[in-house]
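Accompanying notes for the structure given below.
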Amino acid sequence: MPNRTLAMVMYISRSAPTTSRPDVEKVVAAARRNNELRRVTGAMMWTGRYFVQVLEGELPAVIATHKLITQDTRHHAMKVLFQGELESRNFSRWSMAFVDRPDADHLIEPLIEGIQDAESFRALRRMLFDLAMSQDPGGDRH
Ligand SMILES: Cc1cc2nc3c(=O)[nH]c(=O)nc-3n(C[C@H](O)[C@H](O)[C@H](O)COP(=O)(O)O)c2cc1C
C-alpha cells in the first residue's frame, strides 16, 4: 500500500516583494480549505521576507500540494530543507497552522543562501512544532 505512506516536506522560500499580509491571509485560507480536502496537515510561518512551511500527509497528496505551491508566484526561490517518510503526523490537528515571525529572518537567511546551517534548521523546525503545540484550534477550522 505505497500510497498510504505518510510523507513530510519542509521548505523555505522568498516572499515576493509584492506579497503583503492580506495576500498571506488568502494563502492561509486557501491552504486550510484545500488541505482539509486532501487530508494534508502542517504549519506555516511568514517573516515578511520569507516563508517556512511543513506539509505532511499521504505521499500523493503531499506531492500534489507541494507541486501546486512551487508554481505560486507569491513566493520564489524555494529550497526544500527536508523531505522523507513519517511514522505519524506531527500536525494532525492542523490543516495549516500559521504564525507571523518577523524575528526569524536571521535563521532563514543562511539556509536560503544554501549554507547547511543545522542549528538554524533545527531552530526553525522547533518554532513550527512549538506553534502547533501552543495554539488551540478550538471550534475554528484550521
Ligand atoms: C507559501 C505558500 C504556501 C501555500 N500552502 C498551501 C497549502 O498548504 N495548501 C494548498 O492547497 N495551497 C497552498 N498554497 C496556495 C497554492 O499555491 C494555491 O494558490 C492554492 O492551493 C489554490 O487554491 P484555490 O484553487 O482553491 O484558490 C500556498 C501558497 C504559498 C505562496
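Since every read-out is calculated from the coordinates, none of them should be taken as a lab result. The model shown is predicted, which means the values in this text are computed figures rather than measured ones. Glycine also receives a Cβ, built like all others from the backbone with ideal geometry; neighbour counts cover every protein chain displayed.
Couple of notes before you dig in:
- Amide H contacts for Tyr50 (H built 1.01 Å from N in the peptide plane; partners 5 or more residues away or on another chain; cut-off under 5 Å): Ser15.
- Summing Cβ point charges (Lys, Arg +1; Asp, Glu -1) relative to the Cα centre of the chain gives a dipole of roughly 440 debye.
- Neighbour-count ranking [beta-carbon atoms within 10 angstrom, fewest first] of Val28, Val9, Val80: Val80, Val28, Val9
- Cα gyration tensor, the chain - rounded (a/c under 1.5), prolate or oblate: rounded
- Note on Glu25 and Ala118: the model spin-label points, each 7 Å out from Cα along the C-beta direction, lie 4.2 nm apart.
- Screening the chain for whole DSSP H helices of 18 Å or more along their axis (Cα) with average Kyte-Doolittle hydropathy at least -0.5 returns 118-134.
- A Gaussian network model of the chain, with springs between Cα atoms under 10 Å, assigns the largest mean-square fluctuation among Gly48, Gly57, Gly84 to Gly84.
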